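Visitor: One structure is given below, represented as structure tokens, and several questions about it will come after.
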Amino acid sequence: MAVAIVTGASRGLGRALALALAERGWEVVVDGRGAAGLAELAAGRPRIHAVAGDVTDTWHRTALITTAADLGGVDLLVNNAGVLGGRGLAAVADLSLEELRRAFEVNVLAPLGLLQETLPLLRASGGAVLNISSDAAVEAYPTWGGYGATKAALEALSGSLSAELAEEVDAPRVWWVDPGEMDTAMYRAADAAAAAGSPRPEESAVPGLLALLDVRPPSGRYTAAGLVAEHRTAAAR
């Protein structure tokens, strides 16, 4: 029985991925600050286990891991929870240091803390870490500097971790993935017009993430669109 932890699952990509994993027979431990959204997600779905809370809280991360351990361990950790940074995007010259500090807490330090606590279970299962990144981590866009900085930091940690695990036999995979533009509440808060013209997570990003689990490529940086294309090519051979 495979067990996954998916953070930020009360809506958007996290919710769509949790549903897809449960449909595949995974036991999925989900978290989010929206308790009502999590309760709705878990209702009538015995494979989805909701643990409401803030991923920046140490006790909450421990509760997630304890719930997963009681189900048999951790085969997949998905660090998906994220924030733009306070009230939204801003030019670098106008960034609020307080809001940027909160964004680093959610987007970088919380995933690192969860990873550090989960790594022994991932080593035992030969599982994988999936860190959700963004093209803003590698491309410069006006007003996306603060958010992009947090995702660049997450990618740097991911790359170093994969290098550190490279010499271990049956080491956990470390993947960091750009899911592409999606119609989510967070993207709508940043750019409503662009979000309205984007696909829903279950239509775009989720197929790529499921392809990642099917193929289990080496640790590294991927895009959801590229994973879908690669999987289709491999299936056609």
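Visitor: Leaving ligands, DNA and RNA out of it, report the carbon-plus-sulfur percent of the accessible area of the stretch 91-237 at a 1.4 Å probe.
Guide: Details: 4010 of 7250 Å².
After summing per-atom areas, the C and S share lands at 55 percent.
Visitor: What whole-number distance in Å separates the alpha-carbon centres of the stretch 1-27 and the stretch 72-126?
Guide: Taking the Cα centre of the stretch 72-126 as reference, the centre of the stretch 1-27 is 17 Å away.
Visitor: I've got another one for you. What FRET efficiency, computed as 1/(1 + (r/R0)^6) with R0 = 25 Å and r the Cβ-Cβ distance, is obtained for ALA93 and ALA156, rounded to the nearest 0.05? Walk me through the numbers on the way to the answer.
Guide: Numbers: r = 24 Å, r/R0 = 0.96.
The pair ALA93/ALA156 has a calculated efficiency of 0.55.
Visitor: Ranked by accessible surface with a 1.4 Å probe, highest first, in what order do TYR187, TYR141 come? All intermediate terms of the calculation are to be shown ahead of the outcome.
Guide: Details: TYR187 35, TYR141 95 Å².
In descending accessible area the options line up as TYR141, TYR187.
Visitor: Kindly state, to the nearest 0.05, the FRET efficiency for ARG45 paired with ASP170, given R0 = 35 Å and r defined as their beta-carbon distance. Spell out each step's value before the answer.
Guide: Numbers: r = 31 Å, r/R0 = 0.89.
Efficiency, rounded to the nearest 0.05: 0.65.
Visitor: What does the extension gain come out to for VAL215 and ALA229, with contour length at 0.36 nm per residue minus their alpha carbon separation?
Guide: Numbers: separation 14, 0.36 × 14 = 5.04 nm, distance 1.21 nm.
Between VAL215 and ALA229, full extension yields an extra 3.8 nm.
Visitor: Accessible surface of ARG216 in the full protein assembly, 1.4 angstrom probe, to the nearest 10 Å²?
Guide: So the heavy atoms of ARG216 present about 80 Å² to solvent.
Visitor: At 1.4 Å probe size, put LEU112, LEU122 in order of accessible surface, largest to smallest. Write out the running numbers ahead of the final one.
Guide: On the way: LEU112 50, LEU122 0 Å².
Listed by decreasing accessible area, they come as LEU112, LEU122.
Visitor: For the chain, modelled as a Gaussian network with Cα springs under 10 Å, which listed residue fluctuates most, VAL215, VAL78, VAL169?
Guide: Among VAL215, VAL78, VAL169, the largest mean-square fluctuation in the Gaussian network model of the chain belongs to VAL169.
Visitor: Just the accessible area for SER219, please: 1.4 Å probe, Å², rounded to the nearest 10?
Guide: 50
Visitor: Order the following by accessible area, largest value first: TRP176, TRP59. Probe radius 1.4 Å; ligands, DNA and RNA are ignored. Could you put the intermediate results ahead of the total?
Guide: Working: TRP176 30, TRP59 160 Å².
Of TRP176, TRP59, the descending order of accessible area is TRP59, TRP176.
Visitor: Between ASP135 and ARG188, 0.36 nm times their residue separation minus their Cα-Cα distance comes to what? Each step should come with its number before you reach the end.
Guide: On the way: separation 53, 0.36 × 53 = 19.08 nm, distance 1.65 nm.
That works out to 17.4 nm of additional length.
Visitor: Could you work out how much longer the chain between ARG101 and ARG24 gets when fully extended? Use 0.36 nm per residue separation minus the Cα distance between them, nm to one decimal.
Guide: Separation in residues times 0.36 nm, less the Cα-Cα distance, equals 24.0 nm.
The values are calculated or read from the model by the stated rules, or taken from the named source; none is laboratory data. The shown structure was predicted, so the numbers you read here are calculated from the model rather than taken from an experiment. Neighbour counts are summed over all protein chains in view; Cβ atoms, including those assigned to glycine, are modelled from backbone coordinates with ideal geometry. The accessibility values were calculated without ligands, DNA or RNA, using every heavy atom of the protein model including side chains. Shrake-Rupley method; radii C 1.70, N 1.55, O 1.52, S 1.80 Å.
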